[in-house]
């Protein structure tokens with residue numbers, strides 16, 4: 001019994017890491033989660049950990065589950081690496097692939113290739129299966145869960161630091177979420193753009209977010225609200241529909257853009273009623289263009305109506321996120337109600 005036990009221990013130790021002269025890692029990874037953009041981001045981060053950019057051409061194989069069979073995947077894993085220490089094989093949307101090939105995958109999990117790294121991306125990983133029980137011996141399960149709303153700013157701040165070595169301020173993170181929505185993959189993409197936009201600066205600020213991400217959205221929302229306050233419902237709806245037609249992301253950003261504008265109107269109204277001069281209000285709130293039109297909107301709109309609109313926008317946001325309504329329908333109804341009022 002002793003020799004067999006020792007052999008098992010030795011076999012297990014050879015499975016714990018792949019790679020010599022570079023970062024060692026497990027030979028098998030399972031990335032599980034329902035949000036495709038988050039799975040893709042995690043997969044790219046993992047690939048970046050084990051392969052240099054110039055090694056991808058010869059060291060990376062992304063399998064198309066509609067075309068490859070299990071033998072193709074195993075052959076790729078066992079192919080000797082060329083100009084790199086390891087060969088990485090990625091199988092996306094692998095739920096059906098795993099289900100149909102369990103016996104062969106179980107055999108591979110028992111004896112993975114010493115120079116291959118297998119990455120399986122699935123919606124769900126059933127811990128009760130024999131395959132899942134083998135995974136901790138030879139690899140790692142990475143569960144991807146969409147963070148809670150209150151966790152998002154910290155996650156974005158961490159991503160900006162890890163991916164771009166930049167500080168993202170808390171107010172910039174919160175503004176980005178308000179303008180872009182709470183889908184993490186999309187938010188990561190916006191931070192990638194902001195990092196390039198602020199390339200010579202160490203900190204990404206709310207000003208950067210407003211300039212790069214928010215400019216068009218603010219302008220469009222401003223134009224709709226301007227028509228609403230003028231009582232021109234037709235013009236307001238036309239401009240709103242143009243927003244949706246011109247930018248596919250409007251579905252996710254329109255509530256944030258309107259809420260941001262009405263919040264600035266609310267704060268400006270309060271400050272004006274306290275006797276603060278318009279120039280000082282503009283400076284405090286960061287209103288650098290269209291000041292005359294903005295203050296005209298503020299003067300024409302009672303504080304209570306602004307507050308009620310912010311409350312309605314919060315209700316609409318909740319209804320959209322819980323599937324009770326669609327952004328296009330809900331915002332158009334709000335615009336018509338405000339114009340009628």
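The values are calculated or read from the model by the stated rules, or taken from the named source; none is laboratory data. Owing to the predicted nature of the structure, the values given are computational and were not obtained by experimental measurement. Reconstructed Cβ throughout: ideal geometry from the backbone, glycine too, with neighbour counts over all protein chains shown.
Residue-wise test of (1) in the same structural domain as residue 328 (by TED's automatic domain parsing); (2) out of contact with any helix residue (DSSP H, G or I) (no Cβ under 9 Å at 6 or more places or on another chain); (3) on the phi < 0 side of the Ramachandran plot.
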position	(1), (2), (3)
169	no, no, yes
178	no, no, yes
186	no, no, yes
213	yes, no, yes
221	yes, no, yes
226	yes, no, yes
231	yes, no, no
240	yes, no, yes
246	yes, no, yes
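Selection within the stretch 302-330: residues that are within 18 Å of residue 264 (Cβ to Cβ), touching a residue at least 40 places away in the same chain (Cβ under 8 Å) and touching a helix residue (DSSP H, G or I) at 6+ places or on another chain (Cβ under 6 Å). The member of this set that is surrounded by the fewest Cβ atoms within 10 Å (Cβ to Cβ) is 310. So, in the stretch 121-131, of the ones that are buried (at least 16 other Cβ atoms within 10 Å of the Cβ) and within 28 Å of the chain's Cα centre (by Cα), which residue ends up nearest to residue 28 (Cα to Cα)? Per the criteria, the residue is 121.
Condition test on residue 194, is it farther than 30 Å from residue 47 by Cβ and within 18 Å of the chain's Cα centre (by Cα)?
no
Filter the stretch 6-49 down to the residues that are farther than 24 Å from residue 84 by Cα, assigned to a helix (DSSP H, G or I) and modelled with pLDDT of 85 or more and list them by number. Correct list: 39 only.
Within the stretch 132-150, the set of residues being closer than 15 Å to residue 26 by Cβ, part of a helix (DSSP H, G or I) and in contact with a helix residue (DSSP H, G or I) (Cβ under 9 Å, 6 or more places away or on another chain) comprises 134, 135, 137, 138.
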